[in-house]
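Read through the structure below, which is laid out as structure tokens, and then see the notes.
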Amino acid sequence: MSRLDFTPYRRTTVGFDHLFDLLESQVRNNSGDNYPPFNIERRSEDEYRITLAIAGFRAEDLDITAQQNLLTVAGRKRDEEATSEMLHVGIANRGFERRFELADYVRVESADLADGLLILDLVREVPDAMKPKKIAVNGTAATLKAVPDSSEPDESSAA
């Protein structure tokens, strides 16, 4: 089992405990199960898309839950009555659960299922109170005056 040691970073940072805990838990929980395969795409500065390949699943077989900073996608295969004898089963017929840690202010905007792909569009909406603001000095815009370089001779004293 691989182990990451973030001790040197923990010693020199303040307030990043949640980030290091998240990274360490991902290493611990990575069981090597890559089913179903997925892509994560950044579409713009504040828009993301997660695409999961879930061939054989219908919309009613899926459970998508978004909590504070966690998106969980679970699929439960329905029991189908066998009308014939299967000679080879190569299409996965098992349930799954995928978890995605979401950053603050990221929410699921839409979920679409088409052609065996589940497409989840996410958007980051930072509240206005959290966005950067320009601060005026004394209620007016600050102005800078050019200060002459003392190494250059002053024109008035040269005459």
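The values are calculated or read from the model by the stated rules, or taken from the named source; none is laboratory data. Everything numeric in this text was worked out from a predicted model, so none of it was measured. Virtual Cβ from ideal backbone geometry, glycine too; neighbours counted across all protein chains shown.
Some observations on this one:
- Scanning segment 58-112 for residues that are among the hydroxyl-bearing types (Ser, Thr, Tyr) and touching a residue at least 12 places away in the same chain (Cβ under 8 Å), we see that the one that is farthest from Asn39 (Cα to Cα) is Tyr105.
- Boolean, Thr65 is modelled with pLDDT of 85 or more and surrounded by 11 or more Cβ atoms within 10 Å (Cβ to Cβ): yes
- Unique residue being in contact with a strand residue (DSSP E or B) (Cβ under 9 Å, 6 or more places away or on another chain), farther than 15 Å from Asp112 by Cβ and loosely packed, with under 15 Cβ neighbours inside 10 Å when the list is Glu41, Glu45: Glu45
- Entry remark, segment 68-96: residues being surrounded by 12 or more Cβ atoms within 10 Å (Cβ to Cβ) and of a type in the set (D, E, K, R) number 2 in total.
- Restricting attention to segment 81-138, the residues that are within 24 Å of Leu62 (Cα to Cα) and among the β-branched types (Val, Ile, Thr) add up to 6.
- Just so you know, in segment 113-129 the residues that are in contact (Cβ under 8 Å) with a residue 12 or more places away in the chain and over 12 Å from Leu52 (Cβ atoms) include one that is surrounded by the most Cβ atoms within 10 Å (Cβ to Cβ), and it is Leu122.
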